[in-house]
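Take a look at the structure set out below.
All of the numbers you see were taken from the coordinates with simple rules; none came from a lab. Small disclaimer: the values here were computed from a predicted structure and weren't measured. Cβ sites come from the backbone with ideal geometry, for glycine too, and all protein chains shown count toward neighbours.
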């Protein structure tokens with residue numbers, strides 16, 4: 001398997017410019033001869049589809065939701081980073097690059113991350129020009145706030161709805177191109193397979209979720225922007241529909257899956273309230289700017305938070321990480337929360353919670369200022385928990401939020417299947433083993449607005465692509481396989497719903513492949529997941545018909561793929577015998593409980609190759625080379 | 001994990017609209033849902049019903065939903081005749097069962113509006129909203145064209161006003177609540193969002209003309225300022241934006257060339 005990342009030569013700060021010059025171009029008159037398929041309409045997909053259509057490519061765009069505006073990027077709350085240095089606080093492209101590399105615990109490529117930091121400034125320009133109503137100061141200029149893992153204020157935001165506003169900007173650009181005829185939009189349509197012809201990605205097979213029709217779509221290149229796979233844990237902050245099917249099906253067709261065990265557990269989510277719970281809700285990390293995290297010093301302290309005096313509280317993040325305090329990166333803050341709960345000092349039902357307290361900030365700034373900054377988040381908290389966070393501290397607990405792993409891509413965002421490009425959370429490239437807050441929006445838009453429009457041209461200009469139609473045997477075969485799979489799901493006369501299998505898988509993943517992982521537990525989990533998968537195909541029950549809107553069928557297909565992915569995640573976590581970022585192996589920690597990396601053995605990307613049904617994937621490595629930063633032990637103390 | 005509530009549960013009777021397809025006749029079916037926790041969201045209560053239906057070999061109730069945190073705009077049903085149910089400024093997914101009482105009978109129906117045809121059960125087709133945006137709900141700025149983000153200062157009050165309007169989640173509750181099935185609040189929110197910002201000025205008048213015309217083409221009714229939309233809106237978007245849209249539409253209609261040339265002057 002070819003894992004050449006095709007990093008351009010030359011100094012770090014000139015690589016992208018030089019690369020853009022060296023890439024082949026498609027002349028404007030020829031662009032309209034190329035069709036590109038874009039799957040997914042979140043920040044990465046919508047921005048890519050709109051930008052490619054603006055250039056003149058003919059774009060077919062797919063989403064499973066009823067409208068492209070509903071993709072889960074819409075739920076991102078806190079903000080988007082950019083190295084504008086508008087605050088004059090010492091920020092620079094280099095600092096954003098360094099913070100991101102360090103935040104990712106030195107498990108990302110230097111060249112990709114540097115390019116991301118470079119492009120960050122243009123993203124803000126583009127979004128403002130589209131009319132994104134970012135927060136502003138009284139002087140009329142853009143406001144910033146700080147976020148975890150950084151000591152500068154470089155996060156741009158639109159109240160607590162930054163993802164919504166950025167996505168609406170990209171969605172509106174997409175709708176503009178739909179109206180103009182540059183994009184053909186297929187909402188309520190789910191990609192169920194990738195079609196590879198002569199070793200190149202040439203199209204997809206999709207299901208119309210309203211009529212059940214299975215259709216093939218041909219293109220010269222395919223772009224997947226289908227998000228992450230956090231829902232493998234069942235409970236996560238992802239939308240209910242977020243799934244791995246598109247990327248997993250591409251993996252089974254030959255795209256390497258990189259670092260699948262790198263998952264982000266976000267420290268500030270609303271704790272679970274019952275077994276019926278269908279999802280977990282994030283409370284933006286921006287709250288940690290003004291909220292102080294604490295638990296009682298004494299285990300089993302059942303007093304109300306207001307009754308616990310100052311000197312009996314443990315502000316453990318401020319105590320352990322004095323220089324970053326409550327703004328320690330997500331992986332560190334999550335693990336610290338788990339630690340104090342394991343010590344019996346957790347609060348709320350089951351002792352699975354810590355306080356996020358705004359009393360000091362309200363005392364200092366007044367309730368009005370806090371309401372202006374976080375009002376909608378406070379309201380959401382109150383609606384869900386029936387508690388007033390202006391009066392009593394929020395209770396929070398870590399939850400699965402983001403997946404850094406994903407399909408392997410080179411510097412051009414192309415997977416190991418020529419012609420298949422992967423953007424945003426669906427790829428693995430920029431966040432290493434831990435993503436910093438406000439960097440997901442940045443990456444999605446950098447990939448979609450600025451990288452893929454350039455790099456895809458080089459692919460199209462240099463590949464001789466024979467014309468193919470949907471009658472090509474590879475399309476026929478893929479369609480047949482999709483129909484057969486739906487047939488076996490519908491034929492099941494078992495007793496269990498897809499949801500019940502999903503919950504069981506989620507419990508295994510959370511217990512054994514969550515915030516702390518150990519070899520023995522991972523080995524056990526691999527066996528349990530394999531058994532669960534067998535039981536799934538034996539005992540699944542999908543009511544209704546495949547020829548109508550059938551949400552149970554959609555769900556069952558997605559759960560079937562999660563059951564394969566879960567096992568690979570555990571195997572990846574098992575082979576990575578080090579702790580780094582969000583991947584914490586209990587066997588590999590420092591005496592004070594911090595992650596211990598093993599750069600001698602694991603300074604590489606783990607990329608898994610599908611070798612066939614029923615056989616374990618083959619592991620490949622892409623070495624990570626650090627020429628510009630020194631591998632250091634990450635410290636936020 | 002234990003529930004955070006007092007552990008007491010409620011018994012709910014649901015009357016749910018069932019409709020097999022766009023042209024199939026629909027009817028209200030009655031279901032008994034025991035052991036509803038007050039801490040459940042309304043959609044989690046429907047999940048519980050669906051698990052029970054599936055276990056009994058019956059087809060689950062189809063309903064749109066995705067983020068379940070009140071921002072994607074996917075969910076939305078009429079609950080006892082009220083769009084998104086009894087709690088103000090709350091989407092269906094953020095409505096919790098503590099808003100109901102033990103023994104309550106709750107009627108659940110899809111959005112009712114000709115431009116929103118029923119696809120199945122509680123799922124409707126809201127693609128008309130996408131076409132209204134496509135008609136002009138954007139700033140025509142191709143990727144790469146943008147000046148520095150701080151090149152044009154925008155008064156904070158204008159940015160805040162734009163954001164108030166831009167919060168619309170496109171759920172369709174405004175249409176469902178309107179006796180005329182008007183899409184004016186949805187459309188006006190976008191017209192206002194872009195219309196108060198300097199970036200939106202060059203296309204301000206052409207935008208309002210095209211978007212308003214698209215509303216008519218889709219078959220939405222006229223706005224007669226009942227104000228029901230504002231009451232139903234989960235993001236509390238104000239009908240003041242409709243007044244603004246009407247004013248812009250008037251200027252655009254009476255003096256199209258002048259309006260186009262003097263963008264921003266009004």
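Structure data summary
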read-out	value
Rounded Å value of the spacing that divides the Cα centres of the stretch A:30-48 and the stretch A:360-385	40
Calculated FRET efficiency for the pair residue A:18/residue A:476, C-beta based, R₀ 41 Å, to 0.05	0.40
For A:159, A:180, order by how many other beta-carbon atoms lie within 10 Å, fewest first	A:180, A:159
Reference-scaled alpha-carbon Rg (2.2 N^0.38 Å with N residues) for chain A	0.92
Cα principal axis extents for the stretch A:492-597, largest first, Å	57, 23, 17
Projected area averaged over orientations for the stretch A:265-400, convex hull of C-alpha atoms, nm²	7.8
Rg/Rh (Cα only; Kirkwood hydrodynamic radius) as it applies to the stretch B:126-261	0.97
Cα centroid of the stretch A:245-302 to Cα centroid of the stretch A:390-455, whole Å	15
Residue A:275 versus residue B:99: modelled label distance in nm, points set 7 Å from Cα along the beta carbon direction	2.7
Inter-part distance where the stretch A:484-557 and the stretch A:133-178 are each reduced to a Cα centre, Å	38
37 °C / 0.692 mPa s Stokes-Einstein diffusion coefficient of the stretch A:339-465, Kirkwood radius on C-alpha pairs, µm²/s	178
For a label point 7 Å along the Cα-to-beta-carbon line of residue B:112, residues of the stretch B:33-57 with backbone N under 19 Å	none
B:79, A:451 arranged by Cβ crowding within 10 Å, fewest neighbours leading	B:79, A:451
Rg ratio (alpha-carbon, reference 2.2 N^0.38 Å) - chain B	1.15
Calculated [θ] (222 nm, deg cm²/dmol) that DSSP helices of n ≥ 4 give over the protein assembly as shown, each run adding -39,500 (n - 2.57)	-11000 deg cm²/dmol
In nm, spacing of pseudo-spin labels at residue A:297 and residue B:89 (7 Å Cα→C-beta vector)	4.0
Under 19 Å from the residue A:621 label point (7 Å along Cα→beta-carbon), backbone N, the stretch A:585-603	A:585, A:588, A:596-603
At R0 = 45 Å, FRET efficiency that the Cβ-Cβ distance of residue B:13 and residue A:304 yields, to 0.05	0.75
Percent of Cα pairs exceeding the 13 Å cut-off, where the set is the stretch A:332-372	59
Exposure proxy order (Cβ contacts within 10 Å, fewest to most) of A:397, A:411	A:411, A:397
Residues residue B:28 and residue A:371, FRET efficiency given R0 of 45 Å [Cβ-Cβ distance, rounded to 0.05]	0.60
Distance in nm between pseudo-label sites at residue A:386 and residue B:225 (7 Å out along the Cβ direction from Cα)	4.1
